[in-house]
Amino acid sequence: MKVLTVGGAMIDTIAIIENSAIERMSLLNAGTSFLLLEDGRKTEAIDISMHCGGGAVNTAISFARLGFDCAALIKIGDDRRGEQIMASLAEEGISAQWAIRDERAPTGSSVLVSSHDRNAGVFTFRGANTLLEPEDIDERAFAVDLVYIANLSNEAARCFPLLVETARAAQARVAVNPGTRQLHAHGRAFRDALPEIGILSLNRHEAEDVLALLDHDIPDDHEPLPFPHDLHPPALAQRGFKAHGRTVAVRAFFRALVGEGVDSVVVTDGMDGAFAASQGRMIYCPAVETEVQGTAGAGDAFGSTFAGYTALGAEPDFALRAAAHNAASVLGFIDTSSGLLARHDLNQRLADAGSPPVVIGWPL
């Protein structure tokens, strides 16, 4: 099965800092936190390393390790960072036929500060990622079974409708993981494309951005979701999604998106697990317990794995469990791709007797 990924390509520089060398300040009511470094003082790092990243690269590596014939449509600079990304694609067996070098800007780059058991701070320079334009979209690249469109940066997000249109004209299934910036700046284009999206992958914050784009007359659902006595209901099941002063229950949100024409929707909420809707059912999968080393790339692993197994014809319950396990494996590493599993290894984890988590579901 052939896959094309579209989106960002970055070089991530990751600095690991001892918890004792960096302070975290959390705001009680805002639900946000900040890192504090001593002004004018060098902070010793445990390690500083460089890795390839970005949504299109992360998901391409994920698909390749899952056994798909994969190519990436990316924009990189004519520089050493671009060479490093090209070398990484070649090492993973990913076609770089549609990787475009652009002399107008350097390859994108990020600096991640890893401390307090997660990638706590990220500085991003998007570079050439912003320069994707209609002339770069070659119809031949879309002669695949699945097109996975990751987060698009700035001006590149203007190409989103054309990307979806080109994929559908080639009769490819379209999977999308939009970012918050894209949804804020180009929300109308995203909303208009919903009927053409086969698989929509979101985190909770992105889901609430999508909710803000939907009609205000979504029928509410006051019926509580029943959970087994040994499973504490996740926060989303209790609070729902919130946007622009309104609150919509989880099931009502999924019904609205399916009603817009999306075949499958998945929403992740970190260690609170993930909900998905497909084939007339809504399902929930708890997160796989793991020791977290870094959080970057977990969302890309989850979305690409769910889309990949869905494209292969797996039942939604199985695809959701596979996504949870692959994302948990990525959380065990500081970078975005070292933890991505080969399909054999992932299937082995899923086949182990009594392998958690157990998926539960309700009629949609």
Original post:
Going 7 Å from the Cα of Ala212 in the Cα-to-Cβ direction, what parts of segment 230-256 have a backbone nitrogen less than 13 Å from that spot?
Top reply: 242-246
Original post:
Using 0.36 nm per residue, how much length does the chain from Arg246 to Gln348 gain when fully extended, once their Cα-Cα distance is taken away?
Top reply: 32.4 nm
Original post:
Which of the listed residues, Ala235, Ala193, Ala87, is farthest toward the dipole's positive end in the chain, when Lys, Arg count +1 and Asp, Glu count -1 at the beta-carbon?
Top reply: Ala193
**OP:** Net charge near Ala64: determine it from the other residues with C-beta under 15 Å of the C-beta of Ala64, scoring Lys and Arg +1 and Asp and Glu -1.
**Re:** -3
**OP:** Using a 10 angstrom cutoff on alpha carbons, build the Gaussian network for the chain and name the most mobile of Leu231, Leu202, Leu257.
**Re:** Leu231
**OP:** Leaving ligands, DNA and RNA out of it, report the carbon-plus-sulfur percent of the accessible area of the chain at a 1.4 Å probe.
**Re:** 49 percent
Original post:
Suppose R0 equals 25 Å; then what is the FRET efficiency for Thr43 and Phe125 from their Cβ-Cβ distance, rounded to the nearest 0.05?
Top reply: 0.75
**OP:** Report the residue, chosen from Gly313, Gly40, Gly53, that carries the largest GNM mean-square fluctuation when the chain is represented by alpha-carbon nodes joined by springs under 10 Å.
**Re:** Gly40
Original post:
Between Phe34 and Ala314, what FRET efficiency comes out of the Förster formula 1/(1 + (r/R0)^6) with R0 = 30 Å and r the beta carbon distance, rounded to 0.05?
Top reply: 0.15
**OP:** Over segment 189-348, give the accessible area per residue in Å² for a 1.4 Å probe, as an integer.
**Re:** 40 Å²
Original post:
Near Asp300, within a Cβ-to-Cβ distance under 15 Å, what is the net charge of the other residues, with Lys and Arg +1 and Asp and Glu -1?
Top reply: -3
Original post:
Rounded to the nearest 0.05, what FRET efficiency do Asn19 and Val358 have when you use their Cβ-Cβ distance and R0 = 45 Å?
Top reply: 0.85
Original post:
Between Asp138 and Met50, 0.36 nm times their residue separation minus their Cα-Cα distance comes to what?
Top reply: 28.6 nm
Original post:
Can you give the charge dipole size of segment 101-166 about its Cα centre, rounded to the nearest 20 debye, using +1 on the beta carbon of Lys and Arg and -1 on the beta carbon of Asp and Glu?
Top reply: 360 debye
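The values are calculated or read from the model by the stated rules, or taken from the named source; none is laboratory data. Computed from a predicted model, the values in this text were never measured in an experiment. Note: ideal-geometry Cβ built from the backbone for every residue, glycine included; neighbour counts use all protein chains shown. Accessible surface areas use protein heavy atoms only, side chains included; no ligands, DNA or RNA. Shrake-Rupley method; radii C 1.70, N 1.55, O 1.52, S 1.80 Å.
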